[in-house]
Amino acid sequence: MRQSALVLAVLAGTAGLPALAHAQDRIIVREGATTGMVVEGISPDVRPRFREYLVQENVPNYTVPGRIIVGATLPEIGVTYYDVPQQYGAHRYRYTRVNDEYVVVDPQTRRIIQVID
């Protein structure tokens, strides 16, 4: 009986390995050890360069109702989303400027994952 439980535990532990391998293409930044909050997007070490890039690109500003915060969803129509260049490490995401804030967005959901200061 003990061996069966051990085998099941090992199998259950390895079932998530493919998902972990797939998750490695995401940039994950731990924002604070005490908060335990995990934030995806542009890592702190390249954020200043990315901010300079955004200002230089000078994309149009769009006005949308509501607050611009992480987790908010932007509209599908009326906002243009731009590719994040690969050198900033978050190439699977898009960016835009809304309500005078630069934001990084998940293109599948249009959910804001990061506000760039």
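What follows draws every value from the coordinates through simple rules; no lab data is involved. Because the structure is a prediction, the values reported are computed rather than measured. Counting neighbours? That spans all protein chains shown, and the Cβs are built from the backbone with ideal geometry, glycine included.
Could you please find all residues in the stretch 99-111 being surrounded by fewer than 22 Cβ atoms within 10 Å (Cβ to Cβ) and either more than 17 Å from residue 57 (Cβ to Cβ) or touching a Ser or Thr at 6+ places or on another chain (Cβ under 7 Å) (or both)?
Residues satisfying the conditions are 99, 106, 107, 108, 109, 110, 111.
Pairs needed: first member in the stretch 45-57, under 17 Å from residue 83 (Cβ atoms); second member anywhere, part of a helix (DSSP H, G or I); C-beta distance under 7 Å; at least 6 residues apart or different chains.
46/88; 50/88
Name, by its number, the condition in (1) farther than 16 Å from residue 105 by Cβ; (2) surrounded by 10 or more Cβ atoms within 10 Å (Cβ to Cβ); (3) not aromatic (Phe, Trp, Tyr) that does not hold for residue 42.
(1)
Please work out if residue 75 is of a type outside the set (Lys, Arg), surrounded by fewer than 18 Cβ atoms within 10 Å (Cβ to Cβ) and in contact with a strand residue (DSSP E or B) (Cβ under 8 Å, 6 or more places away or on another chain). First the steps, then the outcome.
On the way: of a type outside the set (Lys, Arg): yes; surrounded by fewer than 18 Cβ atoms within 10 Å (Cβ to Cβ): yes; in contact with a strand residue (DSSP E or B) (Cβ under 8 Å, 6 or more places away or on another chain): no.
When the stated conditions are applied, residue 75 does not pass them.
Whether any residue in the stretch 52-63 is closer than 12 Å to residue 113 by Cβ and among the hydroxyl-bearing types (Ser, Thr, Tyr) is what I want to check.
Checked against the condition, which is being closer than 12 Å to residue 113 by Cβ and among the hydroxyl-bearing types (Ser, Thr, Tyr), the stretch 52-63 yields no hits at all.
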